[in-house]
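Participant: Take this structure, written in structure tokens, and hold onto it; I'll ask about it next.
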Amino acid sequence: MAIDLAAYKNILSEIADKHVTLVAVSKFKPVEDIQALYDLGQKDFGENFVQELVLKYEALPKDIHWHFIGHLQTNKVKYIAPFIHLIHGVDKEKLLIEIDKQAAKQGRKIDCLLQLHIAEEETKFGFDESELAVIVGNINANKYPNVNIRGLMGMASFTNDAEKVKSEFKKLAGLARTTQTSIEGSDLLSMGMSGDYALAVAEGSNMIRIGSLLFGARQV
Ligand SMILES: *Cc1c(COP(=O)(O)O)cnc(C)c1O
């Protein structure tokens, strides 16, 4: 088995009574590995690429909750709109408008998280604080009726400086609390990956996205 069972059990026990959802990030990993984790009871999986996700969706059990955690291009929303459980990385209004349109076509509402730019790296995506305020205003004006904003998502800087990561998570958690008071049902905070999930949970994350700890390092 190519999955790390001990790591899986360890993470589950760490989050056991904390109301934290573990999203197993399975990008670049074969369907056999996903099936193996599914057979142990794991239902939430995260993918970064639309084509790969669609193939896996077709091959695997239909009660899997698929999370899209990558950078989603507007022209690809239609491929995942029929089945996606939660889109984590909404980072542009244009994308929100397209998700709303495709959700309407499917006769469903799609759950989304707004991605916030909290890291130092310019290469990372996401809204800044003032852009968030504008989007929250639009949501309250019911501009995207087929989208449910369920909370925020973010990625900390890629660094060994734990204090820095911690302060970025703290900032995101603060924004998440503010957002929660203005958007009903926006109670999710997706933050934390293999290298920093413990810090994230300590700062209030309730959804962690873990790949390499569970499936091993990726080649790509
Ligand atoms: C790949 C990825 C993860 C998982 O990263 P690991 O370090 O392997 O746990 C989490 N979140 C996002 C947005 C990713 O792209």
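The values are calculated or read from the model by the stated rules, or taken from the named source; none is laboratory data. These figures come from a predicted structure and were not determined experimentally. Note: ideal-geometry Cβ built from the backbone for every residue, glycine included; neighbour counts use all protein chains shown. Remember, those area values only see protein heavy atoms, side chains included, never the ligands or the DNA or RNA. Shrake-Rupley method; radii C 1.70, N 1.55, O 1.52, S 1.80 Å.
Participant: Simple spin-label model, 7 Å along Cα-to-Cβ: T74 to A16 in nm?
Facilitator: So the two model labels end up 4.8 nm from each other.
Participant: Moving on to the next point. Within 10 Å of each candidate Cβ there may be at most 15 other Cβ atoms; applying that plus a DSSP loop requirement, which trypsin sites (Lys or Arg not before Pro) in the stretch 101-150 survive?
Facilitator: On the way: sites: K101, K105, R108, K109, K124, K143, R150; in loops: R108, K109, K124, K143.
Here the sparse-neighbourhood loop sites are R108, K109, K143.
Participant: Relative contact order for the chain: what is it in percent, counting Cα pairs under 8 Å that are at least 6 residues apart?
Facilitator: Values: 391 pairs, mean separation 46.7, N = 220.
Averaging sequence separation for qualifying contacts and normalising by length gives 21 percent for the chain.
Participant: How would you classify the chain from its alpha-carbon gyration tensor, with a ≥ b ≥ c the square roots of the eigenvalues: rounded for a/c under 1.5, else prolate if a/b is greater than b/c, otherwise oblate?
Facilitator: Cα axes put the chain in the oblate bin.
Participant: In addition: GluC sites (Glu not before Pro), restricted to the stretch 141-204: which are DSSP loop and have at most 16 other Cβ atoms within 10 Å?
Facilitator: E184
Participant: Can you give the accessible area per residue of the stretch 96-203, in Å², using a 1.4 Å probe?
Facilitator: Counting only protein heavy atoms, the per-residue value for the stretch 96-203 is 50 Å².
Participant: Helix-only estimate, please: 222 nm mean residue ellipticity of the chain, summing -39500 (n - 2.57) across DSSP H runs of length 4 or more and dividing by its residues, to the nearest 500.
Facilitator: Only helices count here, giving -12000 deg cm²/dmol.
Participant: Got a number for carbon plus sulfur as a percent of the stretch 1-67's accessible area, 1.4 Å probe? Let's see the in-between values first.
Facilitator: Numbers: 1850 of 3380 Å².
Percent of accessible area from carbon and sulfur atoms in the stretch 1-67: 55.
Participant: Sticking with this structure for a sec: Quick one: with all protein chains in place, what share of the accessible area of the stretch 68-220 is carbon or sulfur, to the nearest percent (1.4 Å probe)?
Facilitator: 50
Participant: Could you state the number of Å between the C-alpha centres of the stretch 182-220 and the stretch 42-107?
Facilitator: Centre-to-centre (Cα) distance: 18 Å.
Participant: Relative to the Cα centre, what is the charge dipole magnitude of the chain, using +1 at the beta carbon of each Lys and Arg, -1 at the beta carbon of each Asp and Glu, and rounding to the nearest 20 debye?
Facilitator: With Lys and Arg at +1 and Asp and Glu at -1, about 600 debye.
Participant: Check each of the GluC sites (Glu not before Pro) in the stretch 79-160 and keep only those in coil by DSSP with at most 11 other C-beta atoms within 10 angstrom; list them in order.
Facilitator: When the GluC sites (Glu not before Pro) of the stretch 79-160 are filtered for loop state and at most 11 Cβ neighbours within 10 Å, E121, E122 remain.
Participant: Taking each full run of DSSP H in the chain as one helix, which ones are at least 15 Å long along their axis (Cα atoms) and have mean Kyte-Doolittle hydropathy of at least -1.0?
Facilitator: The answer, listed by residue number, is 5-15, 93-106, 129-140, 162-182.
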